[in-house]
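Novice: Quick one: structure below, then a few questions.
The values are calculated or read from the model by the stated rules, or taken from the named source; none is laboratory data. Here the structure is a predicted model, which is why all the values come from computation and not from measurement. Note that each Cβ is placed from the backbone with ideal geometry, even for glycine, and that neighbours are counted across all protein chains shown.
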Amino acid sequence: MSMEITSNYSNYAANYADTVKKPDSKAAAEVKANTSVNSKDKVQAYYEKLCKKFPNITFNTSSGLMSGNENKVVLNLSSRCLEKMANDPEFAKRVEFNLTGVVQGQNNMFAQAKADNAVIHGVTAVMDADGNVSVTCGGMTRTSGTKQSSSVMGTEKKQKERLEKKSEERKVLEEKAVKKRTERKAEEEKAAKRRAERKEQIEKLTEGTYKVSATGVDVKSVTQNIVAAVSGTSSPTGASFDIKA
């Protein structure tokens, strides 16, 4: 009998213990669930705040990596890092301070690449759980065979401009010289034409027989009048000639 009582008591005690434990386990589970939900809400709230504070940065918290480019800054943020930032203000302050230089740093990188005649086709930036950032450039190509600094490129540009200016000046001088030669040639052609016409007139005058008469106050003037009449340059006063075919 006593064994039966003991057995019944044992069963009762076991049932009571189960009855007591179940509410406690459920309550603990509910507390844990509420804590988890509150933690997620806190992380999400901080994430939204972070995005508003740094609108020029796209934060990627998914498992896959995203790449940025010259016009877009992307930071692959570790979920553990984000959680620590949401729960540790000092840690968040340190990381946020580093984030202030991310955009300018990427802009400087692309600018330097252009100065070195290089093209960066993609940038992958990753922030680990401790807030450390690593950057990888993908698809970099060089537009020229050798690396040139911006100062060297500036010197070459100035030299090229000077050569182009000298070339333009030389071209202008050559055009002026060509114009002068053309004008000189035109004058020579006109002079040659006048000589040809004069020669033709003289040849016509020398054909057949003609008589030249001239008068003057002295021998010199008479001679000049005769020469002028023969050359056909003008009809001098006191000179005349007749042509007989």
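Novice: Which of the following residues is modelled with pLDDT of 90 or more and touching a Lys or Arg at 6+ places or on another chain (Cβ under 8 Å): Gly208, Gly131? Can you show your working first?
Specialist: On the way: Gly208 fails: modelled with pLDDT of 90 or more.
Testing whether each residue is modelled with pLDDT of 90 or more and touching a Lys or Arg at 6+ places or on another chain (Cβ under 8 Å) leaves just Gly131.
Novice: Of these, Glu200, Glu188, Glu156, which one is farther than 30 Å from Asp88 by Cβ, at pLDDT 90 or above and surrounded by 10 or more Cβ atoms within 10 Å (Cβ to Cβ)?
Specialist: Values: Glu200 fails: at pLDDT 90 or above; Glu156 fails: at pLDDT 90 or above.
Within the list Glu200, Glu188, Glu156, the selection yields Glu188.
Novice: On the given criteria, is Ala113 assigned to a helix (DSSP H, G or I) and touching a Lys or Arg at 6+ places or on another chain (Cβ under 8 Å)?
Specialist: On the way: assigned to a helix (DSSP H, G or I): yes; touching a Lys or Arg at 6+ places or on another chain (Cβ under 8 Å): no.
Judged against the criteria, Ala113 is not a match.
Novice: Next up: Name the residues in the stretch 76-95 that are charged (D, E, K, R) and surrounded by 15 or more Cβ atoms within 10 Å (Cβ to Cβ), would you? Show your work before the answer.
Specialist: Step one: list which residues in the stretch 76-95 are charged (D, E, K, R), which gives 80, 83-84, 88, 90, 93-94.
Answer for the stretch 76-95, where residues must be charged (D, E, K, R) and surrounded by 15 or more Cβ atoms within 10 Å (Cβ to Cβ): Glu83, Lys84.
Novice: Out of all the residues in the stretch 117-125, is one or more assigned by TED's automatic domain parsing to the domain that holds Met66, at pLDDT 85 or above and out of contact with any strand residue (DSSP E or B) (no Cβ under 8 Å at 6 or more places or on another chain)?
Specialist: no
Novice: For the stretch 98-105, state whether one or more residues are surrounded by 13 or more Cβ atoms within 10 Å (Cβ to Cβ), hydrophobic (A, V, I, L, M, F, W, C) and closer than 19 Å to Cys137 by Cβ.
Specialist: yes
Novice: Look at Ala45 and say whether it is modelled with pLDDT of 85 or more and surrounded by 10 or more Cβ atoms within 10 Å (Cβ to Cβ). First the steps, then the outcome.
Specialist: Values: modelled with pLDDT of 85 or more: yes; surrounded by 10 or more Cβ atoms within 10 Å (Cβ to Cβ): yes.
Criteria met by Ala45.
Novice: Answer yes if at least one residue in the stretch 57-75 is in a helix (DSSP H, G or I) and either assigned by TED's automatic domain parsing to the domain that holds Gly122 or surrounded by fewer than 12 Cβ atoms within 10 Å (Cβ to Cβ) (or both), and no otherwise.
Specialist: no
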